[in-house]
Amino acid sequence: MNSSFRRAAAVLALCAAAPALAQDLDDSKDNVAGPYVPTPWVIVDEMLKLADIRGEDVVYDLGSGDGRLVITAAKRFGARGVGIELQTELVEMARIGAKHEGVADRVKFVQGDLFQADIRSASVVMLYLLPHYVTRLVPRLRAELSPGTRIVSHDYPLAPWPPDKELSMDVPEKEMISGTSWTRLYYYVVPARVHGAWELTLPQALASAPLVMQITQEPHAVGGFVRDGGAELTLRDLAVRGEQVRFGLLYKGRLMAFEGTVAGDAMTGEVRARDQRGPWTARHRAPLPR
């Protein structure tokens, strides 16, 4: 990133941040996600590194400020990007910065409400919002983003969703801006949506007829069971990360290990049981009440 752009952005950001930090946040304004506080450059670098940005990515920054995250992703990695920002002057600042860095053809900055923005094309989402607003976004992020989309949140977790990774660091320059140097980054991978009833089909040697599998999926946990007559056999260590799913099942005295991929209303993969292995499939039958 051009050092002159960093210096100019730093001055403009402090000017933009000062009045916002001096006033109280009005929670009655639903489209206001907090005062503008610029992300220090060292944290920008760490957020992009944690997200593992690649050239094919589409990076969304919700509350993009002066655009530094999106601009850096485009400049350094060749990614495309979209910044959503409510304050008109910050949107203009970001557009100027994109032209200055030669990435105006790869990034777009939109003046608007981040809670209403269409985010479905994102492969990466960046957040630096107050905790109440981060939490408010969780249902939308999980419902609208494609499985495998990566999310990095600066300082505040997407409660009650547990992060896949966390990174902590001390950033002295941040203290001048926000009053603390302590920083934590939270990394998430959007899981495939597996909540509901599924028809599970195994190799004939393992199960002679399809089984009914029920999965309950919430932001804080995922669990399920297979029906065997009147019994409910727990899915062991059920985990969904992006499009990948894995679980164990003790069925008729055999402990079976499942690994597979979720694609919409279907799952496919391989099941292993002692010295046997073979393909398994599952078809979504119906959603379960939440």
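Miscellaneous remarks
- Lone unmet requirement of (1) surrounded by fewer than 16 Cβ atoms within 10 Å (Cβ to Cβ); (2) assigned by TED's automatic domain parsing to the domain that holds Asp45; (3) not hydrophobic (A, V, I, L, M, F, W, C) for Gly278: (2)
- For the stretch 158-180, taking the residues that are among the hydrophobic types (A, V, I, L, M, F, W, C) and in a strand (DSSP E or B), the one that is farthest from Pro147 (Cα to Cα) is identified as Met169.
- Among residues of the stretch 122-147, those that are of a type outside the set (A, V, I, L, M) and surrounded by fewer than 17 Cβ atoms within 10 Å (Cβ to Cβ), counted: 7
- Residues of the stretch 181-213 satisfying the condition of being closer than 22 Å to Gly253 by Cβ, in a strand (DSSP E or B) and of a type outside the set (A, V, I, L, M, F, W, C): Thr201
- Restricting the search to strands (runs of 3 or more DSSP E) fully inside the stretch 40-130 and requiring at least 3 residues that are touching a residue at least 60 places away in the same chain (Cβ under 8 Å) and either assigned by TED's automatic domain parsing to the domain that holds Ser178 or not charged (D, E, K, R) (or both) gives 58-62, 124-127.
- Some residue of the stretch 229-236 being over 32 Å from the mean Cα position of the chain (by Cα), among the acidic types (Asp, Glu) and farther than 30 Å from Trp161 by Cβ: no
- Considering Leu130, Leu62, Leu90, Leu69, the condition of being modelled with pLDDT under 95, of a type outside the set (D, E, K, R) and within 23 Å of Val37 (Cα to Cα) is satisfied by Leu130 alone.
- Selected residue (criterion: farthest from Leu200 (Cα to Cα)) from residues of the stretch 253-288 that are touching a residue at least 24 places away in the same chain (Cβ under 8 Å) and basic (Lys, Arg): Arg254
- Any hit, the stretch 134-145, residues being of a type in the set (A, V, I, L, M, F, W, C) and touching a residue at least 60 places away in the same chain (Cβ under 8 Å): yes
- Subset tally (residues that are more than 25 Å from Leu145 (Cα to Cα) and of a type in the set (Gly, Ala, Ser)) for the stretch 181-215: 5
The values are calculated or read from the model by the stated rules, or taken from the named source; none is laboratory data. Everything numeric here is computed off the predicted structure, so don't read it as measured data. Counting neighbours? That spans all protein chains shown, and the Cβs are built from the backbone with ideal geometry, glycine included.
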